[in-house]
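The values are calculated or read from the model by the stated rules, or taken from the named source; none is laboratory data. Given the structure is predicted, the values throughout are model-derived calculations rather than measurements. Ideal geometry is used to build each Cβ from the backbone, glycine not excepted, and the neighbour counts take in all protein chains shown.
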Amino acid sequence: MSNIELDRRDFLKGAVAGTVLLLTADALQAADSGKTEQKPIPGPPVAIAVVGLGAWGRQLVTTLSKMPSAKIAGLCDIYQPYLERAQKSAPDALASTDYRKLLDSKEIEAVIVATPSHLHKQIVLDAISAGKHVYCEAPIAVTMEEAREIALAGKNSNGVFQVGLQGRSNLLYKHVEKFVVSGCLGKPAQAYAQSNKRQQGRRMAPDPNREKELNWRLYRTTSAGLVGEQGIHAIDLANWYLRALPVSVVGFGAITCWDDGRDVPDTVQCVIEYPNNVRMIYMATTASSFSSEYSLFQGSQSSLLLRENRGWMVKEADSPLLGWEVYARKETCFDETGICMIADATKILAEGKEPGKEGSVAPEKEPVYCALENFARSVRENSQPVCGAVEGYQATVSAIKANEAILNGAKVTFEKDWFVV
């Protein structure tokens, strides 16, 4: 399995005597014999407006344009060039530099808030007041007070309120959860996650005000730091898989590479304590891209290593067989013989082909597509969102307090009522 980019070989040395399973979203779905295809989303495409058309907002527009269940009905950004660029992808959409004009439109059913995190609150509150369904990117805010206000409004909304924690919609993560619930980890021991990508992050602009707007992630007054803006997704995954909320967190951070006037650390580490003495280590840096991003959950029977679209289960040598391993293709991984789960293996075998040699192991739909599709489904079916106000708020609180611990180089003990909304 030389094509798997895992640079931290040593952390697996204690488990290589066990079985290694390559998990894919489609393979995991195929493994569930009770799985049925989702019904088509009823009704016409949901008319959606996107507020905030920076790099991520443009990605959302691109994704929405490919979805049969969505229609781009509105576009908004205070920066005219961004607005004009997005209009090329949705020329028929109502476009404005004032989001309130979009809220006045009866044609627009839902609003995606993709502005900088510190600007979410008023847009979300106004959208809910206008009777719109709302999809708010994560973190929902950069302060506890604003996060609670947004979450309360979302929870009490008559429409759908979904938070953009894509992991909750990730096909791979959702199905691996079934293995976690079944006890495949054994007794959970620890978790680890990282987000490494070398990038200065500072963007130039023709005037100081615009430059400050563009570089909001670099300042404490407008950003929840690396752990808040990126690590929140890994923390939410831990909250979800461990079925628990943090007890305490200790953190450290420093500007190690990009000493350019920013006051947000470019390199951070924190240890988040969960109940039953389970701890999660989160590390991130913009100084190096080594080993990129992944999350790892380790237990007494096996470990789960997850990237966004690929996952691996590493079983301990003395862990019991789960039953389906004998049907999977075997291959070499970390100098040991492993078992590989292949997408749609049963279907491929029925066609007389060999799993693993024909067909893709990656899921067809990216997590962001699935998240927006789930949002459209919730709107049309009037159903609970895959990640609602409570989950989004709890992940935001976890990340905000982790960032606080990092900035202060101190321990923060969580109070239970912080998570109540």
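Being assigned by TED's automatic domain parsing to the domain that holds Glu308, free of Cβ contacts under 8 Å to residues at least 12 places away in the same chain and β-branched (Val, Ile, Thr) is a description that does not apply to Val176.
Listed by position, the strands (runs of 3 or more DSSP E) enclosed by region 230-298 that each have at least 2 residues that are of a type in the set (Ser, Thr, Tyr) are 267-274, 278-285. Considered as a group, the residues in region 375-392 that are in a helix (DSSP H, G or I) and within 14 Å of the chain's Cα centre (by Cα) include one that is surrounded by the most Cβ atoms within 10 Å (Cβ to Cβ), and that residue is Gly392. Tallying residues that are exposed (fewer than 13 other Cβ atoms within 10 Å of the Cβ), of a type outside the set (D, E, K, R) and either without any contact (Cβ under 8 Å) to a residue 12 or more places away in the chain or part of a helix (DSSP H, G or I) (or both) within region 195-210 yields 4. Any residue that is outside any helix (DSSP H, G or I), modelled with pLDDT of 55 or more and on the phi > 0 side of the Ramachandran plot - is there at least one of those in region 395-417? The answer is yes, given that some residue of region 395-417 is outside any helix (DSSP H, G or I), modelled with pLDDT of 55 or more and on the phi > 0 side of the Ramachandran plot.
I'd like to verify a number: residues in region 178-191 that are in a helix (DSSP H, G or I) and surrounded by 18 or more Cβ atoms within 10 Å (Cβ to Cβ), how many? Show your work before the answer.
The initial filter retains those residues of region 178-191 that are in a helix (DSSP H, G or I), namely 178-181.
Subsequent filtering for residues that are surrounded by 18 or more Cβ atoms within 10 Å (Cβ to Cβ) retains 179-180.
Counting residues in region 178-191 that are in a helix (DSSP H, G or I) and surrounded by 18 or more Cβ atoms within 10 Å (Cβ to Cβ) gives 2.
Out of Val124, Val163, Val142, which single residue is aliphatic (A, V, I, L, M), modelled with pLDDT of 95 or more and farther than 21 Å from Leu237 by Cα? Exactly one residue qualifies, and that residue is Val124.
All of (1) on the phi > 0 side of the Ramachandran plot; (2) touching a Gly at 6+ places or on another chain (Cβ under 6 Å) hold for Arg243 with one exception: (2).
Of everything listed in (1) in a helix (DSSP H, G or I); (2) surrounded by fewer than 18 Cβ atoms within 10 Å (Cβ to Cβ); (3) outside the structural domain of Ser291 (by TED's automatic domain parsing); (4) not small (Gly, Ala, Ser), the single unmet condition for Asn158 is (1).
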